[in-house]
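The values are calculated or read from the model by the stated rules, or taken from the named source; none is laboratory data. A quick note: this is a predicted structure, and the numbers were derived from the prediction, not measured. Reconstructed Cβ throughout: ideal geometry from the backbone, glycine too, with neighbour counts over all protein chains shown.
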Amino acid sequence: MSRAFHLGGALALAFTALPTQAEVKSADEAGFVTGGTQDIDASPAAVWSSLVKPAQWWDSAHTWSGKAANLSLDPRAGGCFCERLPGGGSTEHMRVIRADPGTQMILSGALGPLQTEPASGVLIIKLDATEGGSTLTWRYAASGLRGMKGTAIAGPVNTVMSLQFASLARVAASGGKAAPRRR
């Protein structure tokens, strides 16, 4: 195949995975709510299959170890969205509090720098079938911030989460074959 064909296919896949909508819904000193929707050219079952394998789609730049390959997700109530760290360490990013395969996952926890705060957060991920595949709707709400301000961190969190779900969309639409963007 020609290089132009590969580039054209990559561009088409990239544009089908752009977030359709993501925004900071609200923010104050102690917390924020952010969320969005992502249209995906894959069935809810295929999206779920990719969702539960974050090592395939999460950006390594947003891990403590620097390697998305160290991420795992146990998709059942009580399951851990965890990361192996160098030297035998580990971190829990979130805990699964509800898993409805192909439909919805709800996780509880503080992501990234929020782990250094007395914060709690809830991430809701919903999958709906559409004529062309799926729509993923996500909402992340965090509260209990003390050292950092929700008004300052909400925008960056929204951007990172939007990019993560766009990466998930690329991977799911490719049947698990597309590599996520790595910085």
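Any residue that is over 24 Å from residue 39 (Cβ atoms) and part of a loop (DSSP other than H, G, I, E, B) - is there at least one of those in region 122-138? First the steps, then the outcome.
First, the residues of region 122-138 that are over 24 Å from residue 39 (Cβ atoms): none.
No, region 122-138 contains no residue that is over 24 Å from residue 39 (Cβ atoms) and part of a loop (DSSP other than H, G, I, E, B).
What is the residue count in region 36-87 for residues that are touching a Gly at 6+ places or on another chain (Cβ under 8 Å) and either in a loop (DSSP other than H, G, I, E, B) or of a type outside the set (Val, Ile, Thr) (or both)?
16
Look at residue 134 and say whether it is surrounded by 17 or more Cβ atoms within 10 Å (Cβ to Cβ), more than 15 Å from the chain's Cα centre (by Cα) and within 24 Å of residue 41 (Cα to Cα). Please lay out each step first, then the result.
On the way: surrounded by 17 or more Cβ atoms within 10 Å (Cβ to Cβ): yes; more than 15 Å from the chain's Cα centre (by Cα): yes; within 24 Å of residue 41 (Cα to Cα): yes.
Spelling it out, residue 134 is indeed surrounded by 17 or more Cβ atoms within 10 Å (Cβ to Cβ), more than 15 Å from the chain's Cα centre (by Cα) and within 24 Å of residue 41 (Cα to Cα).
So is residue 113 crowded, with 19+ Cβ neighbours inside 10 Å, of a type outside the set (Asp, Glu), modelled with pLDDT under 95 and within 18 Å of residue 64 (Cβ to Cβ) or not? Lay out the reasoning, then the answer.
Numbers: crowded, with 19+ Cβ neighbours inside 10 Å: no; of a type outside the set (Asp, Glu): yes; modelled with pLDDT under 95: yes; within 18 Å of residue 64 (Cβ to Cβ): yes.
Spelling it out, it is not the case that residue 113 is crowded, with 19+ Cβ neighbours inside 10 Å, of a type outside the set (Asp, Glu), modelled with pLDDT under 95 and within 18 Å of residue 64 (Cβ to Cβ).
Of all residues in region 88-121, how many are in contact with a His (Cβ under 9 Å, 6 or more places away or on another chain) and outside any helix (DSSP H, G or I)?
Result for region 88-121: 4.
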